[in-house]
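Down below is the structure, laid out as structure tokens.
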Amino acid sequence: VQTCALPIYFYSVAVHEIFHVLGFGTAASWNHLLTISPPRFTGPSSVGVNGGTIAVSTPDFAHWVDGKNHFLPGTAILQQTAMDPSIGSATRKLPTVLDWAGLDDIGWDVAASRLSFVPEPIELSVVGAAGLAGFALLRRRRTA
């Protein structure tokens, strides 16, 4: 049985491109926080969560360096950043704490302490189905 990876790619690419629309790698405020030699991002929020400046991709300087990993908000789950310039086969990328810090550095009001991990849609559907089943059983019991 083969599954289609298109929804996974679509979600990941959409998140990535929305970050660019919001100015990640494209805004003047991003460019002011770059050093070109070596190519590094020096935004204070990003430096704080990374523990130092972050290498950026060349030649565009609009992404974290290829293969950069960071944690999902509120978890110990390490994942390749959403603002990495590439995506692997059938990989869903969620924004990491470092991705959010990049937006914070360019002027968006993003505080890592307020971020939380959102479960995958399949997890939500299982929880939702269980809740509906429980509700149906309670309703049936009351009417009987």
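The values are calculated or read from the model by the stated rules, or taken from the named source; none is laboratory data. Please read all numbers here as calculations on a predicted model, not as lab measurements. With ideal geometry, Cβ positions are generated from the backbone for all residues, glycine too; neighbour counts draw on all protein chains shown. Surface areas here come from the heavy atoms of the whole protein model, side chains and all, with no ligands, DNA or RNA. Shrake-Rupley method; radii C 1.70, N 1.55, O 1.52, S 1.80 Å.
At a Förster radius of 25 Å, what calculated FRET efficiency corresponds to the Cβ-Cβ distance of Glu17 and Ala76, to the nearest 0.05? Present the calculation step by step, with values, prior to reporting the outcome.
Working: r = 28 Å, r/R0 = 1.11.
Computed FRET efficiency for Glu17 and Ala76: 0.35.
Summing +1 for each Lys or Arg and -1 for each Asp or Glu, what net charge is found among the other residues whose Cβ lies under 13 Å from the Cβ of Thr26?
Net local charge, Thr26 excluded: -2.
How many Å² of accessible area per residue for segment 1-86, probe 1.4 Å?
Working: 4670 Å² over 86 residues.
So segment 1-86 comes to 54 Å² accessible per residue, rounded to a whole number.
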Worksheet item: Which net charge results when you count Lys and Arg as +1 and Asp and Glu as -1 among the other residues whose beta-carbon is under 15 Å from that of Thr53?
Response: +1
Fill in: Amide hydrogen neighbours beyond the local backbone of Ile54, cut-off 5 Å, H modeled
Phe41
